[in-house]
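Comments concern the structure below.
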Amino acid sequence: MSPTALTAVLIGPMAAGKTAVGRELARRLGEPFADLDALIVQEAGKPIPQIFAEDGEDHFRDLEAQLLAVALSTRTGVLALGGGAPIRPESAALLRGCPVVLLQVDEQIVQARLRRAQDRPLLSGEDPLRRWREISERRMPHYRDLACWTVDSDGSPPAAVARRIHDLILEREAKVSP
C-alpha cells in the first residue's frame with residue numbers, strides 16, 4: 001500500500017486533544033476531517049464503551065486496525081486516531097511514511113479532562129490518572145517512532161495547536177517544492 005494522501009495523522013495519548021485539534025486543523029486547511037473512533041462507532045453501531053463491554057477489547061482493536069487500513073487508503077485531509085490505534089505492528093507499518101503528528105499533553109491537563117469524560121473504558125475504575133500514566137508511558141516509544149513531528153498541546157486552545165501543526169506542514173511543503 002502506498003503512503004496516504006492525508007495531510008496529517010494525529011496520534012498521541014488519550015485526552016491529548018487529537019479530535020479537537022484535528023477538526024481545527026482540517027478547518028484551517030480547508031480539508032476533510034475524520035476521527036477513527038467515530039468511524040468505529042459508525043461501523044459497529046454502538047459507542048466504544050459498549051463495544052468493550054459486549055465484544056471485548058480484542059474485538060475493538062481488530063475493528064480499529066481494519067478501519068485504520070481503510071481510512072489510510074481512502075481518505076484525504078486530517079485523521080485523528082485513538083490512543084491505541086498506532087500500537088499494533090500492522091497499523092504502525094501502515095502509518096510509516098504518513099505525515100504523523102504526535103500530540104503530547106501535560107498530565108495536569110489530562111487530569112482536568114478526565115474529570116469531564118466518562119467514556120474511556122481503559123481508564124475506568126480506581127485512579128484513572130495512574131492508569132493513563134501507565135498506558136501513556138508504555139505507548140510513548142511507539143508514538144515517537146512513528147512521528148514526523150511532535151507538538152505539545154500544553155493546554156493551548158485547539159486553534160493554537162492546529163496553527164503550530166499547520167506551520168510545520170507549510171515548512172515541509174516549502175522544502176519539497178522546487
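The values are calculated or read from the model by the stated rules, or taken from the named source; none is laboratory data. Computed from a prediction, not measured in an experiment: that's the story for all the values here. The area values use the complete protein model at the heavy-atom level, side chains included, leaving out ligands, DNA and RNA. Shrake-Rupley method; radii C 1.70, N 1.55, O 1.52, S 1.80 Å.
If the elastic network links every pair of Cα atoms under 10 Å, which of Ala112, Ala20, Ala147 fluctuates the most in the Gaussian network model of the chain?
Ala112
Given the whole protein assembly as supplied and a 1.4 Å probe, what does the accessible area of Leu170 come to in Å², nearest 10?
Per-residue accessible area (Leu170): approximately 80 Å².
Provide, for q = 0.24 Å⁻¹, the log10 of I(q)/I(0) from a solvent-free Debye sum over equal Cα point scatterers in region 1-103.
Cα-only, vacuum Debye calculation for region 1-103: -1.38.
What are the principal axis extents of the Cα atoms in the chain, in Å, biggest first?
54, 35, 27
Using a 1.4 angstrom probe on the protein heavy atoms only, could you order Trp149, Trp132 from most to least accessible area?
Trp149, Trp132
Counting only protein chains, not ligands or nucleic acids, how are Thr76, Thr7 ordered by accessible area (probe 1.4 Å), most first?
Highest to lowest solvent-accessible surface, that is Thr76, Thr7.
At a temperature of 25 °C and a viscosity of 0.890 mPa s, determine how fast region 32-83 diffuses translationally according to Stokes-Einstein, using the Kirkwood radius over alpha-carbon pairs as Rh; express D in µm²/s, rounded to the nearest whole number.
Answer from the Stokes-Einstein relation: 220 µm²/s.
What are the ³J(HN,Hα) values, in whole Hz, obtained from phi via the Karplus relation 6.51 cos²θ - 1.76 cosθ + 1.60 with θ = phi - 60°, for each residue of region 85-90 in sequence order, with x given for Gly and Pro?
Coupling constants for region 85-90: 4, x, 7, 4, x, 5 Hz.
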